[in-house]
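**Q** What follows is a single structure, and I will ask about it in a moment.
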């Protein structure tokens, strides 16, 4: 895997697993970042107030600047199209979860099964995992999600509303991503559809079907 970085670049932090690299790229949401290793994608970085803040987050994942190889470059393209409002399926993206605890991996796997334009709840995922009392732990795991959008934690709501969102921008960004997918109304009492997921109101899908 090729690497393009200046000799003056800061030395990356030490991290478990294979060497990581990152790139920054522009989207309709703002400047985002992607961190990858030979094993897969390690991190998706949502917009920060400054470029330096994005770089610091990438370095915290043990990455140094590089040129995105084939699969990573493909994901950059997909994330850019997603940010422009295009329905994108990230199910087949290979992830590097070397530093992620087993329980969180299970949570992320469930979250990845929530389709574009639909939502679930922390309790719904807990029941799907066979741990109905683990809603709080589910929320904590999603709060540490290093792969937002690819692992769509924004589609997981609280029992009485939007719930939390740990990325810069917080609840406002979470709502923006939901609206981007055509979801209107975030009350968690809508009819369920699929394991742990519920149908969402999607004006975009209705219009495309007409």
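The values are calculated or read from the model by the stated rules, or taken from the named source; none is laboratory data. In this text, all values refer to a predicted model and were calculated from it rather than measured experimentally. Cβ atoms come from the backbone with ideal geometry, glycine included; neighbour counts cover every protein chain shown.
**Q** Check whether at least one residue in the range 135-148 is without any contact (Cβ under 8 Å) to a residue 12 or more places away in the chain and more than 13 Å from the chain's Cα centre (by Cα), and report yes or no. Reasoning before the result, please.
**A** At the first step, the residues of the range 135-148 found to be without any contact (Cβ under 8 Å) to a residue 12 or more places away in the chain are 140.
Then keep just the ones that are more than 13 Å from the chain's Cα centre (by Cα); that gives 140.
Looking through the range 135-148, at least one residue is without any contact (Cβ under 8 Å) to a residue 12 or more places away in the chain and more than 13 Å from the chain's Cα centre (by Cα).
**Q** Given the criterion modelled with pLDDT under 95, within 19 Å of residue 99 (Cα to Cα) and either touching a strand residue (DSSP E or B) at 6+ places or on another chain (Cβ under 6 Å) or not in a strand (DSSP E or B) (or both), identify the matching residue among 33, 17. Full working, then the answer.
**A** Details: 33 fails: modelled with pLDDT under 95.
The unique qualifying residue is 17.
**Q** Report whether or not residue 69 is touching a residue at least 24 places away in the same chain (Cβ under 8 Å), in the same structural domain as residue 34 (by TED's automatic domain parsing) and over 18 Å from the mean Cα position of the chain (by Cα). Outline the logic, then answer.
**A** Details: touching a residue at least 24 places away in the same chain (Cβ under 8 Å): yes; in the same structural domain as residue 34 (by TED's automatic domain parsing): yes; over 18 Å from the mean Cα position of the chain (by Cα): yes.
Yes: the conditions hold for residue 69.
**Q** Sticking with this one: Looking at the range 159-210, which of its residues are modelled with pLDDT of 60 or more, assigned to a loop (DSSP other than H, G, I, E, B), out of contact with any strand residue (DSSP E or B) (no Cβ under 8 Å at 6 or more places or on another chain) and surrounded by 13 or more Cβ atoms within 10 Å (Cβ to Cβ)?
**A** Matches in the range 159-210: 162, 165, 166, 168, 169.
**Q** When the residues of the range 102-134 are narrowed to those that are in a loop (DSSP other than H, G, I, E, B) and without any contact (Cβ under 8 Å) to a residue 40 or more places away in the chain, which ends up farthest from residue 165 (Cα to Cα)?
**A** 130
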